[in-house]
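The values are calculated or read from the model by the stated rules, or taken from the named source; none is laboratory data. Fair warning: this is a prediction, and the values are worked out from it, not measured in the lab. Neighbour counts run over all protein chains shown; Cβ positions are idealised from the backbone, glycine included. We work out accessible area using only protein heavy atoms, side chains counted, and drop any ligands, DNA or RNA first. Shrake-Rupley method; radii C 1.70, N 1.55, O 1.52, S 1.80 Å.
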Amino acid sequence: MQHISFFDEVNKMFDRAAVHTGHAPGLLAQIRSCNSVYHVSFPLVRDNGEIDVIHAYRAEHSHHMQPTKGGIRYAPTVNADEVMALASLMSYKCAIVDVPYGGAKGGICIDRRQYSQPELERITRRYTFELAKKNFIGPGVDVPAPDYGTSATEMSWIFDTYQTLTDNPLDALAAVTGKPVGMGGVRGRVEATGRGVFFGIREACSIEEDMRALGLDPGVEGKSVIVQGLGNVGYHAAHFLEKAGAKIVGIGEYDGALYNPDGLCLEDVVSHRKETGATLNFPGAQNIENSKLILEMDCDILIPAALESQVRRDNADRIKSKIIAEAANGPLTFDADQMLAERGVVIIPDVYLNAGGVTVSYFEWLRNLSHVRHGRMSRRREAHNALKILETVQDLVDKRLSTATAKGLETTLAFGASEADLVDSGLEDTMVTAYHEIHAKARSHNLDLRTGAFISAIDKIAQGYLRMGIFP
Ligand code: NAD
């Protein structure tokens, strides 16, 4: 397969948008360049005594805002080009959703399925030590989070290692997000990216004119969906879409895919995979042994939620879905993106759509710096206010609710917003607001959503640089 530089692909998308912005060429070149990349290799003594050389990376793309922020990926695809591309997407993503960070990304070139838990812990702790030594981690410097192949467990090892090294223990919790809730994590982070993907798709589907142009009814309900990658992001996106009445007709995993035009029950597929250790042979579904072919099956919404460069020039023509929702980073190459956009496919771009993760990570970081659970000070007051309003309305209409109804309402109203409620509300508001911003940018230039999103990001980062006052 032809080698494609992921960073070049992102830059082509950047350049396509930049011509519509009118910023000085030098400023655009600075926004686009990746400021620093760190590559380290270190030995791992495996459980059987053999030695592996581990290659690990961290890229900080833009320092127009600090700290920089971005996930850490464990995958055999990881290299300098990949982390630079992903870090640049993080810069643009943070700008699009108004989260005050520069972009970063890290990764370790391993297939985590080949390593034991103790080996993964040793790799993660050594990586954290290397980052700390070179000042590539810290609450005001660079803040990692989970990405492909990592989860709250790795984040807790990172925190635990970092806190033994720092001379600022008070803020150490804010050096990494996506931690377990008992270790300073925020409620709602695990599902945040997938939930954000759901909010983005729901918003896109709510615009009647756009849906009619595709020959679809507005709304998520009844739409058929294929998800590639049933990991953190893919599973949660599918879960919230299914709950909202969408029909999951296809699921692709690395070992095979399932398709059933009548719908697959997500939880049953998850149980089947747990019980059998494989994706294929789910009752009632068609087996697709070459998993990648799931991308080409009939559906209204295709959600690539695994890795980059899945839809390329050679399979773009065979994609049948009318909407592509990029839950993964970079699932479409530049050529494929152009081909599909020309055919009128609506592409909800990664730089916007998977921003739910960093948005909720921002809420976690704020909680860690303030040392207060969100809602702790306001919850009781909100509850009292709600009860007072209920009393006042009853006085005004000179009517009392029946004791049973009043008791029921009081039970509901006697609790103000919890941390989970606030996080969800902040996430929804962020995704809805940003969708309409990028949609408006795209409309005003008569361009596709991705180019609209890039224009929005470039404008905001340019303003950030200009506010610093270091450029003429
Ligand atoms: P994950 O490791 O939780 O899940 C990825 C899933 O994809 C796994 O189940 C894996 O088996 C599957 N997979 C691997 N190769 C596949 C293939 N060829 N075909 C089908 N499935 C395959 O990772 P994740 O955190 O869900 O990340 C997925 C994507 O979303 C990545 O591109 C990541 O950068 C992006 N993303 C993640 C987050 C986050 O908060 N985790 C945030 C923003 C973007």
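Pull up the DSSP beta bridges for the chain and report the antiparallel fraction as a percent, rounded to 5.
Counting DSSP beta bridges with both partners in the chain, the antiparallel share is about 50 percent.
Calculate the tail of P(r) for the chain: the fraction of all Cα-Cα distances greater than 37 Å, expressed in %.
29
Using Cα-Cα distances under 8 Å and only pairs 6 or more residues apart, what relative contact order does the chain have, in percent?
Relative contact order for the chain comes out at 16 percent.
Rounded to a whole number, what is D in µm²/s for segment 287-414 from Stokes-Einstein with the Kirkwood radius over alpha-carbon pairs (37 °C, 0.692 mPa s)?
170
If I take the Cα coordinates of segment 215-343 and project them onto the principal axes, what are the three extents in Å, biggest first?
42, 31, 24
What GluC sites (Glu not before Pro) in segment 1-102 are in a loop by DSSP, with at most 16 other Cβ atoms within 10 Å of the Cβ?
Glu50
For segment 236-280 and segment 67-133, what is the separation of their Cα centres, given in Å?
Using only Cα atoms to place each centre, the spacing works out to 28 Å.
Could you give the length gained on full extension between Glu50 and Thr164, defined as 0.36 nm per residue of separation minus the Cα-Cα distance, in nm?
Full extension from Glu50 to Thr164 adds 38.2 nm.
Give the aspartates and glutamates reachable from Lys274 as a straight Cα distance under 16 Å; neighbours fewer than 8 places away on the same chain don't count.
Within the straight-line limit of under 16 Å, Lys274 reaches these aspartates and glutamates: Glu253, Asp255.
With the full set of protein chains in place, find how many percent of the accessible area of the chain is carbon and sulfur; take the probe as 1.4 Å.
Whole-percent figure for carbon plus sulfur exposure: 53.
Where does each of 238-245, 265-272, 145-152, 359-366 land if you order them by average Cβ count within 10 Å, highest first?
359-366, 145-152, 238-245, 265-272
Check each of the trypsin sites (Lys or Arg not before Pro) in segment 1-66 and keep only those in coil by DSSP with at most 15 other C-beta atoms within 10 angstrom; list them in order.
Counting only loop positions with at most 15 other Cβ atoms within 10 Å, the trypsin sites (Lys or Arg not before Pro) in segment 1-66 are Arg46.
Sticking with the crude label model, points 7 Å out along Cα→Cβ, report the distance from Lys292 to Lys399 in nm, one decimal please.
6.5
Return the lysines within reach of Lys12: Cα separation strictly under 17 angstrom, same-chain partners fewer than 8 residues apart disregarded; answer none if there are no such residues.
Lys93
Under a crude label model (7 Å from the Cα following the beta-carbon direction), how far is Met377 from Lys320 in nanometres?
For Met377 paired with Lys320, the spin-label model returns 5.6 nm.
Would you mind working out the magnitude of the charge dipole of the chain relative to its Cα centre, with +1 at each Lys and Arg C-beta and -1 at each Asp and Glu C-beta, to the nearest 20 Debye?
1020
At R0 = 56 Å, how high is the FRET efficiency between Ala278 and Phe42 if r is their beta carbon distance? Nearest 0.05 is fine.
The calculated FRET efficiency here is 0.95.
I need the shape label for segment 316-365. Rule: rounded when a/c is under 1.5, else prolate if a/b > b/c, else oblate, with a, b, c from the alpha carbon gyration tensor.
In terms of gyration-tensor shape, prolate.
Using a probe radius of 1.4 Å on heavy atoms only, what accessible surface per residue do you get for the chain? Whole Å² is fine.
43
Starting with the highest mean, order 248-259, 299-310, 216-227 by the number of other Cβ atoms within 10 Å, averaged over the residues of each peptide.
Descending mean neighbour count gives 299-310, 248-259, 216-227.
Semi-axes of segment 130-270's equivalent ellipsoid from the Cα gyration tensor, sqrt of 5 times each eigenvalue, largest first, rounded to whole Å?
38, 17, 12
Sequence neighbours fewer than 8 away in the same chain don't count; with that in mind, list the lysines whose C-alpha is under 20 Å from Lys179.
Of all the lysines, those that pass the test against Lys179 - Cα under 20 Å, at least 8 places apart if same chain - are Lys69, Lys105.
Test of the criteria: in segment 353-449, which trypsin sites (Lys or Arg not before Pro) are in a DSSP loop and have at most 11 other Cβ atoms within 10 angstrom of their Cβ?
Lys399, Arg400
Report ³J(HN,Hα) in whole Hz for each residue of segment 9-22, in order, from the Karplus equation J = 6.51 cos²θ - 1.76 cosθ + 1.60 where θ = phi - 60°; Gly and Pro get x.
Calculated HN-Hα couplings, in order: 4, 5, 5, 5, 5, 4, 4, 4, 7, 4, 5, 8, 9, x Hz.
Could you work out the relative contact order of segment 170-292? I mean the mean sequence separation of Cα pairs under 8 Å and 6+ apart, divided by the number of residues, in percent.
In percent, rounded to a whole number, it is 18.
Give me the distance in nm between label points sitting 7 Å out from Cα along the Cα-to-Cβ direction at Lys134 and Gln114, one decimal.
2.2
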